[in-house]
Amino acid sequence: MTTQTAVTLTGVTKKYGAVQAVAGVDLTIRAGEVVALLGPNGAGKSTTIEMLLGLVRPDQGSVQVYGGTPTDAIGAGQVGVMLQSGGIIEDAKVGELINLVAGLHKNPMPVGEALDRAGIADLADRKMKGLSGGQKQRVRFAMAIIPQPDLIVLDEPTTGMDVESRRDFWASMHAETARGRTVLFATHYLEEADAYADRVVLMRHGKVVADGTAAQIKASVSGRRIRATVPGADLAMLASLPGVRNVETRGDVVLLQCADSDDTLRYLLTNTSAHDIEVTSADLEDAVLAISAEQESAA
Amino acid sequence: MNRDYLIFDIRRTLRNRRVLIFSMLMPIVLFLIFGITLPKDASEGGISAIAYVMVSMGMFGSMSAAMSSGGVIAAERDGGWNRTLRLTPLKPQAYVITKVLLSLLLAIPPLVVVFLAGLIFGHVHLSASQWITVALVSWLGALPFAAIGLVIGYVAKPDSVQPITGLATMLIAAFGGLWLPVSQMPSLMKHIAQLTPAYWTGQTSRSALTQSGLDTHALLVVLGWTVVLGMIGLRRFRADTARA
């Protein structure tokens, strides 16, 4: 593989009415990288991808894919795309659709191979409209890899999949990244970004708020959340416990953000009347909040 | 044009038999109602009246069938299919030509059944070369309607495409003189008739039956309509990147 640049976004913005969907994104993706575009719904991931693919024209800024316009790169068959939803023909059979997409590209892989790699060889004679959400995603995946692209772009590829199909999907995807393809995928699952990307680009409110390895992103969201019903809780006491970062209340319900939940739990169970206790991992929203808070205090 | 895309669309169309059968049923019923009841020696513009009605109803059938492809295009767009196409190297021109060719193929069955009915039930007498010319010219006369179908497919939503196509078909057929000969229309209607592509396709087709030979002026107008509408379809395809 060469170390050329696959994608360059420079100062890209896009506004829909009063909503600033993308508020100035700079992003360079080198050939061979596997990049996760991570962020909550409404962060601007899909719009960023649409501009990268030339489906949406940015208000400002420029987009380059392999040194040319997105349309040029797509015309040259360098880009394979898996859309989030739609983009298929419901009354077509799986095999017909894949065969058609192969026919629209210049240097496609054999149809049978694409079906095999996507794990849908047994569905070739089935109509699209009878398939489950996960099966349709696999068809979309076959459509993305059949041009043998240098760059694969996937917009929330595992939406609507159950746990098992999600695992199968990433196993298929891994086989593609192992071939040295450059991959950009949007997701709102931190675990997916962590497990499959070399690099995680975190977006919020149309901006890139963090860019690094998954480990770097995760470091800012270590910790747990505890939710418990504690009648007459002494909030000052709870806040002063070692390992507790933040305390909130909703009536009798107490929400604790903890660096170390074990000590806090021990205290709650032995010293208070806490009941209905739930412990959850910090989620992506916490990560985004934590990172944004850091940036704001640094600014 | 893209061969794989055309084959793909033909296979889908053949599976949808109801649409195919309906496209043949309507013009043949109209022909039997209006054509067979005519007196045997009636004529219109130097052509036997029954042959005149046969050509008109054949044109009506091929035109409706060609325009009906707009419904499929609107449904495809609604499902975000255009985005998928835009993310492949398929050229907009190849897309438009493929869709127009598909419409031309759809225009064949109604034309064939109406002409067969003319031959069998209407006892229309034409020389072999006249049959061939009128069939070919009527078929290619569906070109502007294939382009109209394409444009409707790009402006209409799936739930409005049927009424829009139905209304457009009726207006064009009625005002273009496919149901009532233009010569029998009041003079204002005659002027309106000339604004519709159907008038010119009808002129071209019927000219194949007269001694004076093919009406090249009418043929050029038909091609002009096709090119202009095709360009509009092309522009719409380029502009359409809607999500599902």
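Every number here is computed from the coordinates shown, using simple stated rules; none is lab data. Predicted model only: the values in this text are computed from it and were never measured. Because the Cβ atoms are built from the backbone with ideal geometry, glycine has one as well, and the counts that use them run over all protein chains shown.
Just checking the listed ones, A:Gly95, A:Gly87, A:Gly54: in the Gaussian network model of chain A with Cα springs under 10 Å, the one fluctuating most is A:Gly87. The trypsin sites (Lys or Arg not before Pro) of region A:1-94 include none that meets both criteria, a DSSP state outside H, G, I, E and B (loop) and at most 15 other C-beta atoms within 10 angstrom of the site's C-beta.
Here B:Ser127, A:Ser281, B:Ser68, A:Ser46 are placed in order of increasing Cβ neighbour count within 10 Å, fewest first, which gives B:Ser127, A:Ser281, A:Ser46, B:Ser68. GNM remark for chain A: springs join alpha carbons under 10 Å apart, and the peak mean-square fluctuation among A:Leu154, A:Leu53, A:Leu235 falls on A:Leu235.
The Cα-based radius of gyration and maximum Cα-Cα distance (Dmax) for region A:5-219 are 16.7, 47 Å. Here's how it looks for A:Ala186: its modeled amide H is under 5 Å from those of A:Leu37, A:Leu154, A:Asp155, A:Glu156, which are all 5 or more places away or on a different chain. When only the Cβ of Lys, Arg, Asp and Glu is charged (+1, +1, -1, -1), the dipole of region B:3-239 relative to its Cα centre reaches about 880 debye. Per residue, the average separation of C-alpha pairs within less than 8 Å and at least 6 apart gives region B:3-239 a relative contact order of 25 percent. Cα-Cα pairs above 32 Å in chain B: how many percent? That fraction is 20 percent.
Highest GNM mean-square fluctuation among A:Thr48, A:Thr187, A:Thr213, for chain A modelled with Cα contacts below 10 Å: A:Thr213. Each residue in B:Ile132, A:Ile152, B:Ile120 was given a count of other beta-carbon atoms within 10 angstrom of its own, and listing them fewest first yields B:Ile120, B:Ile132, A:Ile152. Taking +1 at the Cβ of each Lys and Arg and -1 at the Cβ of each Asp and Glu, which of A:Ser281, A:Leu235, A:Val56 sits farthest along the dipole of chain A towards its positive end, judged by Cα position relative to the Cα centre? The Cα lying farthest towards the positive end belongs to A:Val56. Considering only B:Met189, B:Gly149, B:Ser129, and ranking their Cα positions along the charge dipole of chain B that arises from unit charges at the beta-carbon of Lys, Arg, Asp and Glu, the one farthest toward the positive end is B:Gly149. Legend: distances between Cα atoms for A:Lys136/B:Lys91; A:Lys14/A:Lys93; A:Lys93/B:Lys99; A:Lys15/A:Lys93; A:Lys93/B:Lys91; A:Lys136/B:Lys157; pairs beyond 29 Å are A:Lys14/A:Lys93; A:Lys15/A:Lys93.
Between A:Leu255 and B:Leu32, the simple spin-label model (points 7 angstrom out along Cα→Cβ) gives 7.2 nm.
By the rule of a C-alpha distance below 20 Å, with chain neighbours fewer than 8 residues away ignored, the aspartates and glutamates paired with A:Lys127 are A:Glu90, A:Asp91, A:Glu96, A:Glu113, A:Asp116, B:Asp4, B:Asp9, B:Glu76, B:Asp78. Its residues counted as N, the protein assembly as shown yields a C-alpha radius of gyration over 2.2 N^0.38 Å of 1.31. Here each label is just a point 7 Å from Cα along the line to Cβ, and for A:Ala121 and B:Phe121 those points are 5.4 nm apart.
Using a Cα-Cα cut-off of under 30 Å, which lysines could be cross-linked to B:Lys190, ignoring same-chain neighbours fewer than 8 residues away? Here the lysines satisfying the reach criterion relative to B:Lys190 are B:Lys40.
Here chain A is treated with +1 on each Lys and Arg Cβ and -1 on each Asp and Glu Cβ, and its dipole about the Cα centre works out to around 680 debye. In region A:224-281, Cα pairs under 8 Å separated by at least six residues give a relative contact order of 49 percent.
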